[in-house]
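Data block below; observations after.
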Amino acid sequence: MKFNRIPTIAATLALTILGAMAISTTALAASPAPAVKTSAVDNQPVVIPEKLKLTADQNKKIIAIRAEGKSQIVAELTPAQRVKYAAGMKANKKLSTVLNSLNLSAAQKTKIQGIIKKSNDQIKATLTAEQLKYLQGMKK
């Protein structure tokens, strides 16, 4: 059974965009233009949305939310799936690609989709109305 692509694509997009926010705001100030960086949480390449202008507190909260989400996803996997997940993430593969390669059970898929939604909702709750508006514009 394939991982449902629409929610997965949306979740991957959201995690990629929101993952970019996990990069230190000092790194944003150091680079003059948007650059491809690697997220400290899951080693995924991300484009830094500089216009979000995260506060240090927002950045700290988002890093914690993403780390918790990742640990919750890993907790749902079997030992063999964990090895494959770690290898895929280390190889900078998209989250949806990695999840689709794990032969997840229906129960695992449901739980992981819930984890991703919860993490995204928590991250959105840390953003200001202006930051959310900017993020919505990026998704279109």
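Quick note: the coordinates plus some simple rules give every number you see, no bench work behind them. These numbers were taken from a predicted model, which means no experiment stands behind them. Cβ sites come from the backbone with ideal geometry, for glycine too, and all protein chains shown count toward neighbours.
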Distance (nanometres) between label positions extended 7 Å along Cα→Cβ at Arg82 and Thr128:
4.1 nm
Excluding residues fewer than 8 places away in the same chain, name every one of the lysines whose C-alpha is closer than 22 Å to that of Lys94.
Lys2, Lys37, Lys70, Lys84, Lys109, Lys111, Lys117, Lys118, Lys124, Lys139, Lys140
In what sequence do Ser101, Ser119 fall when counting other Cβ within 10 Å, fewest first?
Ser101, Ser119
